[in-house]
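Notes for the one structure printed next.
We did not get these values from a lab; they are worked out from the coordinates using the rules stated. Keep in mind that this is a model prediction, so the values were computed, not measured. Glycine gets a Cβ as well: all are built from the backbone with ideal geometry, and neighbour counts include every protein chain shown.
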Amino acid sequence: MLKTLDVPTTNISNLKKNPKQIFNDAQAEKTGIYVFNRDTPAGIVMSVNDYEGMVKKLNDLEEKILDLQIEKEVQFRIQNDSGERFSDKEVRGEEVANQKPIIDEDDGWE
């Protein structure tokens, strides 16, 4: 038995008949609309703004997680100081450390 969702739903036939209306509905509802194919979710239709907002939130959360992991590692290394030092590649990653620095003369720091 399919569980009733707390979000708008439609089916493949409606999406084929009038896709623009489904996108407009998603934008008006400010949520994704689940598209079903014979009682099975086939996908989700959402507005560009909602999608971009979701991606931004995901990127922000991933960055916060990385910052917390780095902070945890730094705290661990501070508490267990063995005199070990870190290379630029260890701190910033090999790809970034190998790039030539870009100096922006108009960034307000000079």
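Need the list of lysines near Lys72 for cross-linking: C-alpha distance under 20 angstrom, and skip anything on the same chain fewer than eight residues off.
Lys72 reaches Lys64, Lys89.
Here are a few candidate values for Rg and Dmax of the Cα atoms in Å: [x] 23.7, 68; [y] 21.3, 80; [z] 13.5, 46. Which one was actually calculated from the structure I just gave you?
[x]
Within 10 Å, at most 14 other Cβ atoms, and a DSSP state outside H, G, I, E, B define an exposed site. Report the longest part of the chain free of exposed trypsin sites (Lys or Arg not before Pro).
Numbers: sites that count: Lys3, Lys30, Arg38, Arg85.
In the chain, the maximal stretch lacking such sites is 39-84.
Where Lys and Arg each count +1 and Asp and Glu each count -1, what net charge lies around Asp50 among other residues with Cβ under 14 Å from its Cβ?
0
Toward the positive end of the charge dipole of the chain, about the Cα centre and with charges on Cβ (Lys, Arg +1; Asp, Glu -1), which of Ala28, Asn49, Leu66 goes farthest?
Of the candidates, Ala28 comes out farthest on the positive side.
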